[in-house]
1. Mind checking which residues of the stretch 14-69 are at pLDDT 85 or above, in a helix (DSSP H, G or I), more than 18 Å from the chain's Cα centre (by Cα) and among the hydrophobic types (A, V, I, L, M, F, W, C)?
2. What are the residues in the stretch 92-120 that are over 22 Å from the mean Cα position of the chain (by Cα) and surrounded by 21 or more Cβ atoms within 10 Å (Cβ to Cβ), if any?
3. Which is farther than 18 Å from residue 74 by Cα and either in the same structural domain as residue 46 (by TED's automatic domain parsing) or buried (at least 19 other Cβ atoms within 10 Å of the Cβ) (or both), of 192, 145?
4. Would you pick out the residues in the stretch 79-136 that are polar (S, T, N, Q) and in contact with a Gly (Cβ under 8 Å, 6 or more places away or on another chain)?
5. Of the residues 137, 173, 130, only one is within 27 Å of the chain's Cα centre (by Cα), within 19 Å of residue 32 (Cα to Cα) and acidic (Asp, Glu); which?
6. On the given criteria, is residue 43 touching a Leu at 6+ places or on another chain (Cβ under 6 Å), under 21 Å from residue 164 (Cβ atoms), of a type outside the set (A, V, I, L, M, F, W, C) and in the same structural domain as residue 142 (by TED's automatic domain parsing)?
7. Which residue pairs have Cβ atoms closer than 6 Å, lie 6 or more positions apart in sequence or on different chains, and pair a first residue in the stretch 143-172 that is over 27 Å from residue 112 (Cβ atoms) with a second residue that is among the charged types (D, E, K, R) and modelled with pLDDT under 75?
8. Quick one: residue 117 ticks every box in (1) closer than 19 Å to residue 176 by Cβ; (2) touching a Ser or Thr at 6+ places or on another chain (Cβ under 7 Å) bar one, so which box is it?
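The values are calculated or read from the model by the stated rules, or taken from the named source; none is laboratory data. Worth saying up front: this structure is predicted, and the values here are computed from it rather than measured. Here Cβ is always computed from backbone atoms with ideal geometry, including for glycine, and neighbour counts include all displayed protein chains.
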Amino acid sequence: MANVEISEMEKDALGEVMNISMGSAATAVSELLSAKVWITTPRVEIVKADDMLRYDKLEPAVCVKIEYVKGLSGNNLMVLRQDDVQMILNQLMGQPLVVTPDFEFDELNISAVSEVMNQMMGASATALSDFLGIVVDISTPTPYIMDNVDLREVQDFEDGEDVAAIYFDLTIDGVIKSEFCSVLTIELAKFIAQKVLGTAEEEPAAEAAAAPSGGGAPAPQQQAPAGQQAPPPGMQPMPDMSQMPGGMPGMQMPQGMPPMQGMPQMPYGYPPQQQYGYPPQYGYPQPYGGYPQPMNVQNAQLNSFDAPDVQLTGEQKTNLQLLMGVPLEISVEIGTARRKVKEILEFTQGTIIELERQAGAPVDIIVNGNLIAKGDIVVIDDNFAVRITEIIKSKLMDSISKE
C-alpha cells in the first residue's frame, strides 16, 4: 500500500469539516434524547492502526462501524466508552442515570445503540454532503462490544497502516461529560481534506462515467462556434440554427426579417419556452416576437366583518347561563418593559425596572389573556385592589348581554 501523508493544513481542514458534520449529529441526538448535546473541540491525530495505547481511556468500549456506500469510499469507526453508552441508553429509555456493573448489552440494547448511531451518523453524512457538494450515503451502523480496544477486530488493517483518529468532547446536559473517537481510513481522510481545500482529484467512478461505453478513448472536446461560449464538459455545443433545414420547428419569422445567422448566446440551462408548455422564467428574455402585455390592476375587495346581530334561542340562552358559572383568571398589568438578556442577568435585589407607563396611569384588567377593562390601583384594608374606571367590550358581548 502506498504511503499517504497528510499535511498540517489538511489536518486542520479535516478537523473543521468533521466539526461541522458532528454539530449536525449533536442536533439529531439532542432531539432523540430530549436533552441538550454538544460535540466540540475536534483533535486530529495520525496514528498507527495497531497502536492502541491512546485508546486506553476508552476501554471497555463500544465500536460502531459505518461504511460510506455513495459519494465517499472508506469506513468510519466510532469508539465510545461502554459506561457512556449505558448512560445514553438510560436517558433514551427513561431509566435512572446511573452506571450499573450488571448492565448487559443484549439484543435490545444493541438495537438501541444502532438506532442512536444511525440518527447521529445520518445527520453527519447529510451535513458532510452539503459541505462537500456531493451525495453521501452510509450503510446501517454495525456495533461491536470490546473489552480491549483493537480496531483490527473490526477492520482488516495492514501492519503499520496509518489511520486518522479524530477525538471529540461529548457533553449531554445532565447525563455525561466525556469524549469519543472517530477513526477514518487514511485515504478517506486525505480525500475529505483535499475536497475542502479544493485540491481533490476527480474520483475514478466519475471518470469512468464520462468515458464512452465502448471502452475507447474519450471523445475530443469540440470547439464552440465563433461568438458562442464553450459548453461545459459532457454537453454538446448549441447547433447553428441557420444550418438547420427550415429553421427551428414551431418558430415563425416575422415578415421582412432576415434569417438568423446562428442562435444568440444563452446561458446553458435556458428554460423551456411557452411552446413546450412552460412559461418563461423571470430574468430570461421573452420568446421571439413576444411583447409585454398591459397589466390589469384592480383594487382589492375586502369583506366587511361587522359584528352580527346575535339572536339566541332558548337552548342557547340555557347554555350561556351554564357558561356564566365558569371561573376565570383575572390579572392586573401595571406596565411592561423590555430589557436585553445581558441586563436581565445583571438583576440583583434592589434593582429598579422602569415601566413604560407614567405614575397614576390606569392599569389593564386582563381576563384569560384578554383585555376587558381599565382601572386605578387602590388600597382596601392593607390589600391592593383595582377600581374599574373603563369597560372595554366588543359589540358581540354587548349583543349577548342584552339577551
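1. 14
2. Across the stretch 92-120, the qualifying residue is only 113.
3. Only one candidate qualifies: 145.
4. 129 - this is the single residue of the stretch 79-136 that is polar (S, T, N, Q) and in contact with a Gly (Cβ under 8 Å, 6 or more places away or on another chain).
5. Answer to the selection: 173.
6. no
7. none
8. If we test residue 117 against (1) closer than 19 Å to residue 176 by Cβ; (2) touching a Ser or Thr at 6+ places or on another chain (Cβ under 7 Å), just (2) comes out false.
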